[in-house]
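Notes for the one structure printed next.
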Amino acid sequence: MIKWSRLEMRLPEEPEITPFINVTSLIDVTFSILAFFIISSLFLSQNFGLSVNLPRASTAKSQSSQRVFLSIQKDGTIALDGKPIDYTDLSNQLQQRKMKEKDQELVVSLQADKAVNYGKVIQVIDILRQIEGVKMTLATERAK
């Protein structure tokens, strides 16, 4: 009886098959996931206020509570959560929001541009102090 080894059984016209991994689809999936996370991170860092150049403070701390954002631009116009509002209507709007959240304190984050007239900031602070149950914070940027 003749014993045949595996090498002797191979026919000469059979091509040698080299193993490989097709990474094209893997790269497509990776870039799709990367694009998703980049776009979603842009929406997470979106601010409700208007574009304001904040003054710097070395003792600035972040607050982790629900807030209402009140912005004062260079020209003195104000916006409540990004929507322009008149000084005379500010008190009414904040009192309405306070009535909606009876159990919680209403925290107003005041974002005043550093170039705004100081009198406008004081005028807004006076309006905020007249509303019972409203707390105020001043937004700043950490000094570098």
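Would you pull out the residues with amide H under 5 Å of Val68's amide H, same chain only if 5 or more places away, H placed 1.01 Å from N? Close amide H contacts, sequence-distant or interchain: Val107, Val108, Ser109. Computed over the alpha-carbon pairs of region 56-142, the distance histogram in 10 Å steps reads 16, 52, 28, 3 percent, short to long. Using θ = phi - 60° in the Karplus curve 6.51 cos²θ - 1.76 cosθ + 1.60, the 3J(HN,Hα) couplings for region 121-130 round to 5, 5, 4, 5, 4, 4, 4, 5, 5, 6 Hz; x is entered for Gly and Pro.
Tally the DSSP beta bridges in region 56-142 and give the antiparallel ones as a percent, rounded to 5.
35
Bear in mind that the values in this text are calculations on the coordinates, not laboratory data. In this text the structure is predicted, and so the values were computed from the model without any measurement.
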